[in-house]
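Chemist: Structure in structure tokens, see below.
Throughout, read-outs are computed from the coordinates displayed, never taken from laboratory work. In this text, all values refer to a predicted model and were calculated from it rather than measured experimentally. Here the Cβ positions follow ideal geometry from the backbone for every residue, glycine too, while neighbour counts run over all protein chains shown.
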Amino acid sequence: MSSQDIPEETLPSEQGAAHVAVAVAKEDPFADPGLPPHKPRVQDIDERAAKRSERTVALLFTVSMLATIGFIASYVILPVDKIVYIFPIGHVSALNFALGLTLGLALFCIGAGAVHWARTLMSDVEVADERHPIEATPEVKAKVMADFAAGAEESGFGRRKLLRNTMFGAMAMVPLSGVVLLRDLGPLPEDKLRHTMWSKGKLLINQNTHQPLRPEDVAVGSLTFAIPEGLEEHAHDFQNQIAKAALMIVRIQPKDIKDKRELEWSHDGIVAYSKICTHVGCPISLYEQQTHHVLCPCHQSTFDLSDGARVIFGPAGHALPQLRIGVNDEGYLEALGDFEEPVGPAFWERG
Ligand code: FES
């Protein structure tokens, strides 16, 4: 049934629709409540009260001036080493106390005077300021574009291509001076962080006795630290080299070694691993011989030396790198190459 079919008296009249709209508007929970009626302050209606406020503000500003004079006088008069007893602070430097007190008072009085002035004497009529649309009107936009075009025309930016291009060139090149200064950061590390002093045939030197290690020197259950042959403690780069090449050696019954590659890279159960934790590079030093776990003292990362030094606890992200070792013709333990992955913190991408 269409509206034409409905009897006219049953359709809502315009007046009825207006009433409905007013009712909806009245129910609007976000209707603007308007401003409360303005209540004049006592200073607005009583001239004597206003004068009193004025005197109070003037007094605060005057105290501030006196405090500033006191600050300067304290600085000039008081000796640096004079100590006084101030309850309840105790014994303090008289100069520091006087400077702090006078400066604090001077600043406080300025602030208090300004607040009192604003609250009692400045106009307190509330003014509603409508929020304007942020977008500029079409006229303003047109004017800005016209100004821009006029500016571009006046500067000759479009016509004088030589000037424009050389300016772009100059602006593009200025940042290059900053890039050049990066050279002052020193030479690039290149691949130095990926390699250590270990290489094929380098003997494993006991870090404590400074003697080359033989397999019989490494007992089951012991933890031995080793450095590469040729690394001298007085060498200028000793710290850099030891930070990468430090080695820990343990002997495990070959039948207890779970990782196949570890077994292949060991010699008669003697395994050599980097001593540098793969978390943030602390030297690992705690060995639990029953479980073959080594523990980093810094953040408790724990590695299982009987299973490829994989991480079994803690924040370290990678297993410790293993060094492939063997025994040379004279019966000394030797490296069969460098580590095959970067030692130390795991943020170095391995590859
Ligand atoms: S450095 Fe070893 S656990 Fe953090």
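Chemist: Please determine, in degrees from 0 to 90 and to the nearest 10, the orientation of helix 14-27 with respect to the longest principal axis defined by the Cα atoms of the chain, where the helix direction is its Cα long axis.
Modeler: Here the helix axis deviates by roughly 50 degrees.
Chemist: While we're here: Could you list Thr102, Thr62 in order of exposure, starting from the residue whose Cβ has the fewest other Cβ atoms within 10 Å? It would help to have the intermediate numbers written out before the result.
Modeler: Working: Thr102 21, Thr62 12.
Fewest to most other Cβ atoms nearby, the residues stand as Thr62, Thr102.
Chemist: Working from Cα positions, state the angle (0 to 90°, nearest 10) between the long axis of helix 161-181 and the longest principal axis of the chain.
Modeler: Once rounded, the angle reads 50 degrees.
Chemist: Sticking with this structure for a sec: Which of these, Leu305, Leu95, Leu182, has the largest mean-square fluctuation under a Gaussian network model of the chain (Cα springs below 10 Å)?
Modeler: Judging by the Gaussian network model, the answer is Leu95.
Chemist: OK, next. Report the trypsin sites (Lys or Arg not before Pro) located in segment 159-235 that are in a DSSP loop and have at most 12 other Cβ atoms inside 10 Å of their Cβ, or state none.
Modeler: Arg159, Arg160, Lys200
Chemist: What does the convex hull of the Cα atoms of segment 42-120 come to per residue, in Å³, rounded to a whole number?
Modeler: Here the figure is 90 Å³ per residue.
Chemist: Any idea what Rg and Dmax come out to for the chain if you just take the C-alpha atoms, in Å?
Modeler: 42.2, 120
Chemist: Under 14 Å from the Cβ of Ser266, count the other residues' Cβ atoms, weight Lys and Arg +1, Asp and Glu -1, and hand me the total. All intermediate terms of the calculation are to be shown ahead of the outcome.
Modeler: Numbers: positive: Arg251, Lys255, Lys258, Lys260, Arg261, Arg324; negative: Asp256, Asp259, Glu262, Glu264, Asp268, Asp307, Glu334.
With Lys, Arg at +1 and Asp, Glu at -1, the neighbours total -1.
Chemist: Taking the number of other C-beta atoms within 10 Å as the exposure measure, put Phe61, Phe313 in order starting with the fewest. Intermediate values should be presented prior to the final figure.
Modeler: Numbers: Phe61 16, Phe313 13.
Listing Phe61, Phe313 from fewest to most nearby Cβ atoms yields Phe313, Phe61.
Chemist: Which loop GluC sites (Glu not before Pro) in segment 283-351, with loop taken from DSSP, have no more than 10 other Cβ atoms within 10 angstrom of their Cβ?
Modeler: Answer in residue order: Glu330, Glu349.
Chemist: Moving on to the next point. May I ask you to evaluate 6.51 cos²θ - 1.76 cosθ + 1.60, the Karplus curve with θ = phi - 60°, for each residue of segment 45-50 and list the ³J(HN,Hα) values in order in whole Hz, giving x for glycine and proline?
Modeler: In residue order, the calculated couplings are 10, 10, 4, 5, 5, 5 Hz.
Chemist: Any idea what log10 I(q)/I(0) is at q = 0.19, 0.24, 0.25, 0.31 Å⁻¹ for segment 112-156, Debye with uniform C-alpha scatterers and no solvent?
Modeler: Values, matching the q order: -0.72, -0.89, -0.91, -1.00.
Chemist: Among the Cys residues of the chain, which have no other cysteine Cβ under 4.7 angstrom away?
Modeler: Singleton cysteines: Cys109.
Chemist: Please give me the summed charge of the neighbours of Leu59: other residues whose Cβ is under 13 Å from its Cβ, Lys and Arg +1, Asp and Glu -1. List each step's numbers first, then the result.
Modeler: Values: positive: Lys51, Arg52, Arg55; negative: Glu54.
Around Leu59, the charge tally is +2.
Chemist: Got a sec to turn the phi values of segment 304-311 into Karplus ³J(HN,Hα) couplings, 6.51 cos²θ - 1.76 cosθ + 1.60 with θ = phi - 60°, whole Hz, x for Gly and Pro?
Modeler: In residue order, the calculated couplings are 9, 6, 8, 9, x, 6, 5, 6 Hz.
Chemist: Right, another one. Please report the equivalent ellipsoid semi-axes of segment 194-335, computed as sqrt(5 x eigenvalue) of the Cα gyration tensor, largest first, in whole Å.
Modeler: 22, 19, 13
Chemist: How compact and how long is segment 131-287, expressed as Rg and Dmax of its alpha-carbon atoms in Å?
Modeler: Using the Cα atoms of segment 131-287, the pair Rg, Dmax is 33.0, 94 Å.
Chemist: A further question on this structure: Filter the GluC sites (Glu not before Pro) in segment 132-216 down to the DSSP loop ones having no more than 15 other Cβ atoms within 10 Å, then list what survives. Can you show the working numbers first?
Modeler: Details: sites: Glu135, Glu139, Glu153, Glu154, Glu190, Glu216; in loops: Glu135, Glu190.
Counting only loop positions with at most 15 other Cβ atoms within 10 Å, the GluC sites (Glu not before Pro) in segment 132-216 are Glu135, Glu190.
Chemist: In addition: Rounding to the nearest 10 and keeping the result within 0 to 90°, find how far the Cα-based axis of helix 94-120 lies from the longest principal axis of the chain.
Modeler: It works out to around 40 degrees.
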